[in-house]
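K.L.:
Structure in structure tokens, see below.
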Amino acid sequence: CTLVIENIHLNQEDNESVREYMKAEARFMRAFYYFCLFRTYGPVIVWGDQTAPSDAVGSQLDRGTLEENISFIVSELDKCIEVLPMSITEVGLQEGSDMGRATKGAAMALKSRVLLSAASPLYNGNELYAGMTNYFGKEIFPQNYDAQKWEEAKMAAKDLIDLNYYSLVQADQASGDKFVDGIRAYQNIFFKQWNEETIWGWWMN
């Protein structure tokens, strides 16, 4: 992803708006992959815009702190939110074969999920991680509970909701039975391709 960000300007087959979209798309994917690593392993090394050097010495490297990881991912997503369109058609991409690519809504949703993880009891003042420091002597996990992190997660989610771009899938035909209609609405999430509840997805036939 970093190589794409660095070299997308060499692409002369697409116009400037598509190149800027693809650059933001690569930035979004990099942030997403960092979050995948974070979910699996906890805080990791953050290379940022630097590619991992070939002469890196493992014994002199260590994971960054939780705050460094979250701050980097969120800052990258904020950059994406400024550039990515709500719909891929805004940059000339096609509905159908190009569906499922990164959008502003996807970046906002991922930001909300990342901040929610940071606010959760798993990382927000968890005493089980007390004393864990990295190679550089930094405490990897914050030990002080911060209620403001919940507020940040809430506002990120509300920003996405306030777009009024997405909505809950409903039953195709109301039966009058709320239980039956609820089941049919839930089924439509999976059976109705590119439904209005899909923020970021990929449908396989």
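K.L.:
Taking 0.36 nm per residue of sequence separation and subtracting the Cα-Cα distance, how much length would be gained by fully extending the chain between VAL44 and GLU90, in nm to one decimal? Could the numbers behind the result be given before it?
P.N.:
Numbers: separation 46, 0.36 × 46 = 16.56 nm, distance 3.50 nm.
The span from VAL44 to GLU90 would gain 13.1 nm if fully extended.
K.L.:
Using the Cα centre of segment 15-116 as the reference point, and only Cβ charges (+1 on K/R, -1 on D/E), how large is the resulting charge dipole? Debye, rounded to the nearest 20.
P.N.:
Numbers: 11 positive and 14 negative charges, 56 e Å.
Taking the Cα centre of segment 15-116 as origin, the dipole is about 260 debye.
K.L.:
Consider a paramagnetic label point 7 Å from the Cα of MET132 along Cα→Cβ; state which residues of segment 42-56 have an amide N under 17 Å from it.
P.N.:
In segment 42-56, the label zone of MET132 (backbone N under 17 Å from the point 7 Å along Cα→Cβ) covers 42-46.
K.L.:
Select from segment 98-137 those chymotrypsin sites (Phe, Trp or Tyr not before Pro) which occupy a DSSP coil region and have at most 12 other Cβ atoms within 10 Å, ordered by residue number.
P.N.:
Details: sites: TYR123, TYR129, TYR135, PHE136; in loops: TYR123, TYR135, PHE136.
Answer in residue order: TYR135, PHE136.
K.L.:
Additional query: Lys and Arg at +1, Asp and Glu at -1: add these up for the other residues within a Cβ distance under 10 Å of TYR21 and post the number.
P.N.:
Details: positive: ARG19, LYS23, ARG101; negative: ASP14, GLU16, GLU20, GLU25, GLU90.
Result for the neighbourhood of TYR21: -2.
K.L.:
Treating only the Cβ atoms of Lys and Arg (+1) and Asp and Glu (-1) as charged, compute the dipole magnitude of the chain about its Cα centre; round to the nearest 20 debye.
P.N.:
Values: 18 positive and 29 negative charges, 94 e Å.
Computed about the Cα centre, the dipole is about 460 debye.
K.L.:
Just give me a number: lysine pairs in the chain, eight or more positions apart or cross-chain, with C-alpha atoms less than 23 Å apart.
P.N.:
18
K.L.:
How about segment 8-44: which GluC sites (Glu not before Pro) there lie in a loop by DSSP and see at most 14 other Cβ atoms within 10 Å? All intermediate terms of the calculation are to be shown ahead of the outcome.
P.N.:
Values: sites: GLU13, GLU16, GLU20, GLU25; in loops: GLU13.
Of the GluC sites (Glu not before Pro), the ones in loops of segment 8-44 whose Cβ has at most 14 other Cβ atoms within 10 Å are GLU13.
K.L.:
Per 0.36 nm of contour for each residue apart, how much would the distance between ASN144 and GLU6 grow if the chain were fully extended, relative to their Cα-Cα spacing? Provide the component values of the computation, followed by the final result.
P.N.:
Working: separation 138, 0.36 × 138 = 49.68 nm, distance 3.78 nm.
Separation in residues times 0.36 nm, less the Cα-Cα distance, equals 45.9 nm.
K.L.:
Hand me the GluC sites (Glu not before Pro) from segment 44-127 located in a DSSP loop with no more than 10 other Cβ atoms within 10 Å, in residue order please.
P.N.:
On the way: sites: GLU67, GLU68, GLU76, GLU82, GLU90, GLU95, GLU127; in loops: GLU95.
In loop regions of segment 44-127 (DSSP not H, G, I, E or B), the sparsely surrounded GluC sites (Glu not before Pro) are GLU95.
K.L.:
Taking all pairs of distinct Cα atoms, average 1/r, flip it, and tell me the Kirkwood hydrodynamic radius of segment 108-205 in Å to one decimal place. Numbers along the way, then the final one.
P.N.:
Working: mean 1/r = 0.0598 Å⁻¹.
16.7 Å is the Kirkwood radius here.
K.L.:
Kindly provide the pair-distance distribution of segment 37-80 built from C-alpha pairs, with 5 Å bins from 0 and whole-percent values in order of increasing distance.
P.N.:
Answer for segment 37-80: a P(r) of 5, 19, 27, 25, 17, 6, 2 percent.
K.L.:
Rg and Dmax of the chain, using alpha carbons, in Å: what are they?
P.N.:
Just the Cα atoms of the chain yield Rg and Dmax of 20.1, 67 Å.
K.L.:
Roughly speaking, what is the centre-to-centre gap between segment 78-125 and segment 174-205 when only Cα atoms are used, to the nearest Å?
P.N.:
Cα centroid of segment 78-125 versus Cα centroid of segment 174-205: 21 Å apart.
K.L.:
Okay, moving on. Among THR133, CYS80, SER167, which residue has its Cα positioned farthest towards the positive end of the charge dipole of segment 74-170, with +1 placed on the Cβ of Lys and Arg, -1 on the Cβ of Asp and Glu, and the dipole taken about the Cα centre?
P.N.:
THR133
K.L.:
Would you list the membrane-span-like helices of the chain, meaning whole DSSP H runs whose alpha-carbon atoms span at least 18 Å along their axis and whose mean Kyte-Doolittle value is at least -0.5? Write down the numbers at each step before the final one.
P.N.:
Numbers: long enough: 16-41 (37 Å, -0.32); 66-83 (26 Å, 0.46); 104-119 (23 Å, 0.76); 148-161 (20 Å, -0.79); 178-191 (19 Å, 0.20).
Answer set is 16-41, 66-83, 104-119, 178-191.
Bear in mind that the values in this text are calculations on the coordinates, not laboratory data. All of these numbers come straight from a predicted model, not from anything done at the bench. Backbone-built Cβ (ideal geometry, glycine too); neighbour counts: all protein chains shown.
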